[in-house]
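The values are calculated or read from the model by the stated rules, or taken from the named source; none is laboratory data. Just so it is clear, the model here is predicted, and its values are computed rather than measured. Glycine also receives a Cβ, built like all others from the backbone with ideal geometry; neighbour counts cover every protein chain displayed. Just the protein is used for accessible areas: all its heavy atoms, side chains included, with ligands, DNA and RNA removed. Shrake-Rupley method; radii C 1.70, N 1.55, O 1.52, S 1.80 Å.
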Amino acid sequence: MKYTASRLSEGNKVFPAEIVLEESGLVVRIPGLFSDETRYFDYDHIASVDVETPLVGYSTITFFAGGHYISAHGFTSSEVKAIKRAILEAKEDY
């Protein structure tokens, strides 16, 4: 399943962030003007998933795995909750 951040959110006007949930892990892509940051995380290596859902505005999801943090901003509250739920369910299956 692929989730793409809203272009209306801060920092995503031209190049929105993407999160792709795969069978064995997830890919987080934070594009930029001159360089992209793309990371692949196995579900069993993800130590934590933090979700910030403000009352008004777009949500941020942060992953910590293998000593690295990566955050993606611009998703709806329901999208980040669905991503976190899918990760936790996949971790239980391993």
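How much net charge surrounds SER24 when only other residues with a Cβ under 12 Å from its Cβ are counted (Lys, Arg +1; Asp, Glu -1)? Numbers along the way, then the final one.
On the way: positive: LYS91; negative: GLU22, GLU23, ASP42, ASP44, ASP93.
Local net charge: -4.
Dipole check for the stretch 36-82: with +1 at the C-beta of Lys and Arg, -1 at the C-beta of Asp and Glu, and the Cα centre as origin, the magnitude is about 120 Debye. In sequence order, the stretch 53-68 has phi-based couplings of 10, x, 5, 10, x, 8, 8, 10, 10, 10, 10, 10, 7, x, x, 10 Hz under the Karplus curve 6.51 cos²θ - 1.76 cosθ + 1.60, θ = phi - 60°, and Gly or Pro positions carry x. Labels on offer are (1) 1.07; (2) 1.22; (3) 1.03, and the one holding Cα Rg over 2.2 N^0.38 Å computed from this structure is (3). Over the chain, Cα pairs under 8 Å with separation of 6+ residues give a relative contact order of 23 percent. The mean accessible area for residues of the chain, using a 1.4 Å probe and ignoring ligands and nucleic acids, is 61 Å² per residue. Label positions at ASP42 and ARG85, each projected 7 Å from the Cα along the C-beta direction, are separated by 2.7 nm. Rounded to the nearest whole Hz, the Karplus-based 3J(HN,Hα) values (6.51 cos²θ - 1.76 cosθ + 1.60, θ = phi - 60°) of the stretch 39-52 follow the sequence 10, 10, 10, 6, 4, 6, 8, 6, 7, 8, 10, 10, 10, 10, with x at glycine and proline.
For the stretch 16-94, the fraction of 1.4 Å probe accessible surface lying on carbon and sulfur atoms is 51 percent.
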